[in-house]
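See below for the structure under consideration.
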Amino acid sequence: HRVRISREFYLGVHEVTQAQYKQATANTPSYFQGDDLPVERVSWPEAVDFCRLLTARDRDQLPAGWSYRLPTEAEWEYGARAGTATKWSFGDAESELSKCGWYDANSEGKSHPVGQKQANPWGLYDMHGNVWEWCGNSYASYSTDVATDPGLRESLGTDRMFRGGSWSEGAGLCRSAHRNGLDPSYRNLNLGFRLALSSSCLLYTSDAADE
């Protein structure tokens, strides 16, 4: 399934941390506690609200018309692959995953501070494992056609995408291509999110899950 991304965007170097989340919301929902740990147990609407709060806080520092948001799953996979076409951004050898990600074989049953493993070729950390990451768009099957900016202008469905695998998953679920969807109200101690930044172009809002 080939995708064309036509809009410039930035992707967070690592998953949103508990310190970052608490600074914007004064809330600490996570099961595993630690400022440098990825925030988890956050629903999709709560992640979207965090993006809105952060945009309002940084409005004077952002380019006009730009805002923080959740990445679409196409943008997320583009960042995870970092120019590669292999199972993981480092190649196809599962034995190498421990160098780049926290998963069930090396995590000791918990999340870990962001940025401890090797970054992918584009300098992004924890794209494989640590915590699953919410994406902005709803769950849908892939089309056989080339898609341009999928997820930016869509009719919202029910479930929301999440990507990347986690500390509790096997290596196969941490692949760049693995995808899944959940009810947006879902919370879990292995599910967080990563920020995207771009010109305002998405239609979803924090209350879209109830529509």
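The values are calculated or read from the model by the stated rules, or taken from the named source; none is laboratory data. Every value quoted in this text rests on a predicted model; they were computed, and no experiment measured them. Ideal geometry is used to build each Cβ from the backbone, glycine not excepted, and the neighbour counts take in all protein chains shown. When the accessible area is computed, the model is the full protein with side chains, heavy atoms only, and any ligands, DNA or RNA have been set aside. Shrake-Rupley method; radii C 1.70, N 1.55, O 1.52, S 1.80 Å.
Residues in segment 2-58 that are surrounded by fewer than 17 Cβ atoms within 10 Å (Cβ to Cβ) and within 30 Å of Val146 (Cα to Cα): Arg2, Arg4, Ile5, Ser6, Arg7, Glu8, Tyr10, Val13. If you filter segment 67-114 down to residues that are part of a loop (DSSP other than H, G, I, E, B) and acidic (Asp, Glu), you find that the one that is farthest from Tyr10 (Cα to Cα) is Glu108.
When restricted to residues that are among the hydroxyl-bearing types (Ser, Thr, Tyr), within 21 Å of Cys135 (Cβ to Cβ) and either touching a Leu at 6+ places or on another chain (Cβ under 9 Å) or not in a helix (DSSP H, G or I) (or both), segment 20-66 contains 4.
Among the residues of segment 49-70, those that are more than 23 Å from Asn180 (Cα to Cα), within 19 Å of the chain's Cα centre (by Cα) and not aromatic (Phe, Trp, Tyr) comprise Arg52, Leu53, Leu54, Thr55, Ser67.
The residues on offer are Ala74, Ala80, Ala93, and the sole one that is touching a residue at least 60 places away in the same chain (Cβ under 8 Å) and either more than 25 Å from Val3 (Cβ to Cβ) or in contact with a Pro (Cβ under 7 Å, 6 or more places away or on another chain) (or both) is Ala74. How about segment 132-152: which of its residues are open to solvent by less than 20 Å² (accessible area, probe 1.4 Å), in a loop (DSSP other than H, G, I, E, B) and either touching a helix residue (DSSP H, G or I) at 6+ places or on another chain (Cβ under 8 Å) or of a type in the set (S, T, N, Q) (or both)? The answer is Asp149, Gly151.
Residue pairs whose Cβ atoms lie under 6 Å apart, separated by 6 or more positions or on different chains, with the first residue in segment 15-43 and under 22 Å from Ala80 (Cα atoms) and the second aromatic (Phe, Trp, Tyr) and open to solvent by less than 20 Å² (accessible area, probe 1.4 Å), are Val16/Phe193; Val39/Tyr21. Against the test of being closer than 21 Å to Thr86 by Cβ and either surrounded by 13 or more Cβ atoms within 10 Å (Cβ to Cβ) or modelled with pLDDT under 95 (or both), the options Gly123, Gly129 yield a single qualifying residue, Gly129. Scanning segment 189-211 for residues that are polar (S, T, N, Q) and under 30 Å from Thr84 (Cα atoms), we see that the one that is modelled with the lowest pLDDT is Ser200.
The residues of segment 12-48 that are within 15 Å of the chain's Cα centre (by Cα) and either over 18 Å from Gln116 (Cα atoms) or of a type in the set (Ser, Thr, Tyr) (or both), listed by number, are Thr17, Tyr21, Arg41, Val42, Ser43, Trp44, Pro45, Glu46, Ala47, Val48. Taken over segment 72-113, residues that are more than 30 Å from Thr148 (Cβ to Cβ), among the aliphatic types (A, V, I, L, M) and open to solvent by 60 Å² or more (accessible area, probe 1.4 Å) amount to 1.
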